[in-house]
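Have a look at the structure below before the remarks.
The values are calculated or read from the model by the stated rules, or taken from the named source; none is laboratory data. Here the structure is a predicted model, which means the values were calculated and not measured. Heads up, the Cβs are rebuilt from the backbone with ideal geometry, glycines too, and the neighbour counts pull from every protein chain shown. To get the accessible areas, we keep the full protein, side chains included, count just its heavy atoms, and leave off ligands, DNA and RNA. Shrake-Rupley method; radii C 1.70, N 1.55, O 1.52, S 1.80 Å.
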Amino acid sequence: MASRRDFIKQSAVLGMGAVISPDFFTESRLQMGLQLFTVNKEMKTDLVNTVKKVAAMGYTEVETYAFNTTPVNSYWNVEVKALQQIFDNNGIRSISGHYDLSTYIMPGKTDDDLKRYVDHCIQGALVLKQEYIVWPWLNPELRNLDTYKQLANKLNRIGEQIKQADLQLAYHNHGFEFDLHDGQKGYDIILNETDQDLVKIELDIYWFSHSSKIPVHEYFKKFPGRFPLIHFKDMDRKNRDLHTVLGAGSIDFKPYIADYNLAGVKHVMVEQGNNYVPDVFDCISRSAKYMKENLLFP
């Protein structure tokens, strides 16, 4: 049976007639996703039942974590083909994955080491039918002006390598990219000095809200189409260093969803990395309800 919300939407469409904006249909095709780092502990201990629970809550897209290359390409110690079958069995599609690329720019690592690791990432991503390989982290000792400039060059090069496999590289932000280094921010260097076709951005709303002093619309306006992936993560009202269930925190999500088309958003994902009250499954169930009602449509 259709919900009251669905009835209102359908009635609005019929009332719009020939003047309906094509943007309405673009935005309505967003699926509900989950970054599986949220249930990382549960994936380690009972992967099959965790995936079943996630699917039962209505999540149809996921982003992977915990990729390992030894002894074979695997996630949470489950070989890639087996994991893909588990996703298929539960009607889930893996859109993207976080891969430990930062390790391969640490001292002692070479460009060839990074290239070989990227090849492993590509192999895993292709088996899972992913679209995006995401660079999710930068170690603390690398967060300086020179490294950010070198990083932009490396992102372009591995972005080209990934593009040749019909995949897309994206960079995921935390808060440290907004720290100033001689008046410059790492986030701006990455956006300004990478090729817009080779390097996209996965926008983490919690960290953007936590650390950026510039409205998100300004980034969307300056870099349209660069933000195909969004992590929706809310901030606890009392302690801004804690996460919370979507809609229960202090972040206003309206500016983000208002600019879905300008930003180029294609996939939206729930993420919560701590503060699971009363437990992680209750949290992602409540976040799923909020996302369905508020974030898949502007």
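Confirm whether Phe208 is modelled with pLDDT of 95 or more, surrounded by 21 or more Cβ atoms within 10 Å (Cβ to Cβ) and among the aromatic types (Phe, Trp, Tyr). Judged against the criteria, Phe208 is a match. Looking across the range 196-216, the residues that are out of contact with any helix residue (DSSP H, G or I) (no Cβ under 7 Å at 6 or more places or on another chain) and in a helix (DSSP H, G or I) come down to Tyr206, Trp207, Ser209, His210.
Against the condition part of a strand (DSSP E or B) and among the small types (Gly, Ala, Ser), how does Ala165 come out, does it pass? The answer is no for Ala165. From the list Met269, Met291, the lone residue that is buried (at least 22 other Cβ atoms within 10 Å of the Cβ) and in contact with an Asp or Glu (Cβ under 8 Å, 6 or more places away or on another chain) is Met269.
For the range 52-76, the set of residues classified as in contact (Cβ under 8 Å) with a residue 12 or more places away in the chain and within 19 Å of Asp282 (Cβ to Cβ) consists of Lys52, Lys53, Val54, Ala55, Met57, Gly58, Tyr59, Val62, listed by residue number. Pairs linking a residue in the range 240-259 that is closer than 10 Å to Ser209 by Cβ to a residue that is of a type in the set (D, E, K, R) and buried (at least 17 other Cβ atoms within 10 Å of the Cβ), with Cβ atoms under 7 Å and 6 or more positions apart or on different chains, are Gly249/Asp234; Gly249/Asp236; Ile251/Asp234. In the range 172-195, the qualifying residues are those that are out of contact with any Leu (no Cβ under 7 Å at 6 or more places or on another chain) and assigned to a loop (DSSP other than H, G, I, E, B), and the one that is surrounded by the fewest Cβ atoms within 10 Å (Cβ to Cβ) is Gly183.
Restricting attention to the range 82-96, does a residue exist that is under 30 Å from Thr147 (Cα atoms), modelled with pLDDT of 95 or more, under 22 Å from the mean Cα position of the chain (by Cα) and not charged (D, E, K, R)? So far as the range 82-96 goes, yes, one or more of its residues are under 30 Å from Thr147 (Cα atoms), modelled with pLDDT of 95 or more, under 22 Å from the mean Cα position of the chain (by Cα) and not charged (D, E, K, R).
Filter the range 246-266 down to the residues that are under 13 Å from Phe227 (Cβ atoms) and among the β-branched types (Val, Ile, Thr), then identify the one that is modelled with the lowest pLDDT. Here the answer is Ile257.
For first residues located in the range 37-51 and modelled with pLDDT of 95 or more, partners that are part of a helix (DSSP H, G or I) and among the polar types (S, T, N, Q) and lie 6+ apart or on another chain with Cβ distances below 7 Å form the pairs Val39/Thr50; Glu42/Thr50; Met43/Thr50. If you go through the range 140-151 and keep only what is assigned to a helix (DSSP H, G or I) and not β-branched (Val, Ile, Thr), you end up with Pro140, Glu141, Leu142, Leu145, Asp146, Tyr148, Lys149, Gln150, Leu151.
Annotation: Ile214 fulfils all but one of (1) within 17 Å of the chain's Cα centre (by Cα); (2) farther than 30 Å from Asp119 by Cα; the unmet one is (1). Checking Arg4 against (1) modelled with pLDDT under 95; (2) of a type in the set (D, E, K, R); (3) buried (at least 16 other Cβ atoms within 10 Å of the Cβ), which single condition isn't satisfied? Unmet condition: (3). Within the range 94-112, residues that are touching a residue at least 40 places away in the same chain (Cβ under 8 Å) reach partners that are open to solvent by 50 Å² or more (accessible area, probe 1.4 Å) with beta carbons closer than 6 Å, at six or more positions or on different chains, in the pairs Ile95/Glu131; His98/Tyr65; Ser102/Trp137.
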